[in-house]
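The values are calculated or read from the model by the stated rules, or taken from the named source; none is laboratory data. None of the values given here were measured: they were computed from a predicted structure. FYI the Cβ positions are ideal-geometry reconstructions off the backbone, even for glycines, and counts take in every protein chain you see. Protein only, heavy atoms only, side chains kept; ligands, DNA and RNA dropped before computing areas. Shrake-Rupley method; radii C 1.70, N 1.55, O 1.52, S 1.80 Å.
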Amino acid sequence: MKGKGRAVRSVALVSALATSIPACSTSHPPGPAASAPTVGSSSNPLYGGASTLSGPVTAGHVIEPESGFTINLPAAYEEQEFFASGTASAFEATSTPANGRWTVAPTTAAPYRTRIIVRRPRDPKQFNGTVAVEWLNESAGESSPDWDYLNPELTSGGFAYVGVSAQALGVNGGSSLLGTGSGGGLASSEPLRYASLHHPADQYSFDLYAQIGRALRLPSSVSVLGRLRPRHIVAVGESQSAFFLTTFANALQPLTGAFDGIFIHSRGGAGASLTGGSVASGGLPSGQRIRTDLRVPVFMFETETDLARLGYASAVQPDTSRIRVWEVAGTSHADSYIVGGFASQLGCPEPINIGPQHVVVQAAFAAFGRWVVSGRPPPSPPPIRLTSVNPASLARDPEGNAIGGVRTPAVDVPVSTLSGIAPAGTSVICALFGSTTPFPASRLAELYGTRAGYLARYKTSLDRAISAGYILPADRAGLLRQAGLVKFPS
């Protein structure tokens with residue numbers, strides 16, 4: 001069930017809209033003076049450091065990450081909150097080649113204390129062995145877009161979930177990425193529970209996140225995962241967090257080995273700066289690929305908007321044994337699914353994108369999870385066809401839908417033009433919510449003849465997409481019900 005207050009606020013929170021706008025920044029005031037770590041010492045987090053975990057936290061009340069949905073866990077799941085503390089290193093890059101094979105070195109170290117939210121199966125028999133660790137989004141406050149997009153697959157698939165307050169904004173408060181003013185962080189919003197939390201600055205976020213990933217593997221007096229015994233820990237992040245995970249994959253994962261796989265959902269052409277500056281103007285060149293020498297799987301899920309507006313077209317790379325990219329036709333960076341019935345409050349000039357992102361990304365994550373466990377890579381679809389790279393422009397069929405990429409009935413048996421590119425002149429928010437242009441009834445009749453003809457073709461396309469692995473079988477009935485609602489001329 002949707003929660004109105006959450007859904008309205010999540011319009012900005014879940015989509016990292018300003019990642020494409022140079023004027024917006026994720027920078028925060030410098031943290032307290034920090035000391036240079038002693039390279040090779042046991043106190044340097046670069047060399048095997050892990051967070052100290054404490055809890056569960058019971059004082060006061062929990063501040064949930066903003067979400068487009070009311071958090072209603074299945075009865076088989078439970079939620080608890082813990083604190084993670086330690087000393088994190090900042091890093092500087094000595095080289096940032098476009099192939100992603102960065103070289104970095106630690107600079108300073110600073111103490112931190114942050115929170116993690118844990119949602120896990122109660123019964124170990126229901127646990128599939130994999131923990132998804134989401135780098136919570138900090139575009140305009142703290143949100144959990146991948147918890148929204150990846151469910152119900154996370155819970156029906158038996159994953160454990162950990163949401164990490166990885167950045168300073170969520171903990172300390174301050175000016176938001178979207179430039180919508182200052183907001184309070186956890187520590188000031190609920191001091192009874194969070195007064196002890198502190199975050200030195202975003203340049204320490206990368207190592208902080210790695211340390212939490214490592215801590216989840218270790219035997220501990222604090223049973224963060226209850227009776228669950230994880231076999232695989234994977235990193236997950238959408239939009240603004242995907243930019244940070246791009247940098248994490250190239251800079252920190254080779255050094256820390258913190259995660260068994262990295263799921264990057266809707267990145268652009270560059271990564272976040274190691275200095276903790278602006279995502280969009282942090283001095284990193286566009287065209288940054290993921291390094292191909294990582295020992296763990298990296299999955300990149302890209303929408304039309306990411307490709308053409310956020311610059312991913314400059315960073316397109318071929319699949320390898322360790323890299324998979326799904327560019328999904330008919331999708332936008334944020335869409336109607338994530339805001340539900342509150343799309344009208346965006347003020348966009350025409351219907352926003354209603355494309356299939358949410359069903360395809362769940363199939364993508366399920367395939368990613370199997371890849372991490374078994375070593376069997378997901379399908380390797382063709383990329384979306386481009387007519388130009390700079391500026392990026394997508395090739396489109398006669399109905400206006402993108403050619404190539406992951407194919408679903410939404411674009412192969414269309415009843416509308418689904419685009420990740422909003423009309424020119426729209427607001428910053430609307431620019432990343434794409435558009436939907438329904439076909440008139442006369443065009444539906446020309447394409448399919450009758451409702452029965454449409455449904456027959458839809459079922460064939462749907463079963464093809466399921467067979468290819470781009471949609472989960474569990475979504476078949478729901479999608480067929482939606483198709484049955486399409487109105488044809490009487």
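Summary of values
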{"quantity": "Per residue accessible area of region 384-457, 1.4 Å probe, in Å²", "calculated": "44"}
{"quantity": "Solvent exposure, largest accessible area first (probe 1.4 Å, DNA, RNA and ligands not counted), of Arg385, Arg370, Arg295", "calculated": "Arg295, Arg385, Arg370"}
{"quantity": "Accessible surface of Arg309 - all protein chains present, 1.4 Å probe, nearest 10 Å²", "calculated": "100"}
{"quantity": "Radius of gyration, Dmax [the chain; alpha carbons; angstrom]", "calculated": "21.8, 77"}
{"quantity": "In Hz, Karplus ³J(HN,Hα) per residue of region 102-119 (6.51, -1.76, 1.60; θ = phi - 60°; x = Gly, Pro)", "calculated": "5, 10, 9, 9, x, 10, 10, 10, 8, x, 9, 8, 10, 10, 10, 9, 10, 10"}
{"quantity": "Cα-based equivalent ellipsoid, region 146-273: semi-axes from gyration tensor eigenvalues, Å", "calculated": "24, 20, 16"}
{"quantity": "Label-zone membership for region 224-266, site Arg295, 7 angstrom Cα→C-beta point, backbone N under 19 Å", "calculated": "231-235, 248-263"}
{"quantity": "Inter-part distance where region 143-170 and region 357-397 are each reduced to a Cα centre, Å", "calculated": "20"}
{"quantity": "Where Glu78, Glu302 fall by accessible area, highest first, once all protein chains stay in place (1.4 Å)", "calculated": "Glu78, Glu302"}
{"quantity": "Over the chain, relative contact order from alpha-carbon pairs under 8 Å, at least 6 apart, %", "calculated": "15"}
{"quantity": "Carbon and sulfur %, accessible surface of region 262-417 computed with the full protein complex present, 1.4 Å", "calculated": "52"}
{"quantity": "Rounded accessible area of Val389 (nearest 10 Å², 1.4 Å probe)", "calculated": "80"}
{"quantity": "Label-point gap, in nm, between Thr460 and Thr94 - each point 7 angstrom along Cα→Cβ", "calculated": "6.0"}
{"quantity": "Accessible area, probe 1.4 Å, largest first, for residues Thr87, Thr426", "calculated": "Thr87, Thr426"}
{"quantity": "Fraction of antiparallel bridges per DSSP, the chain only, in percent to nearest 5", "calculated": "60"}
{"quantity": "Efficiency of FRET between Ala445 and His61 - r from beta-carbon atoms, R0 35 angstrom, step 0.05", "calculated": "0.05"}
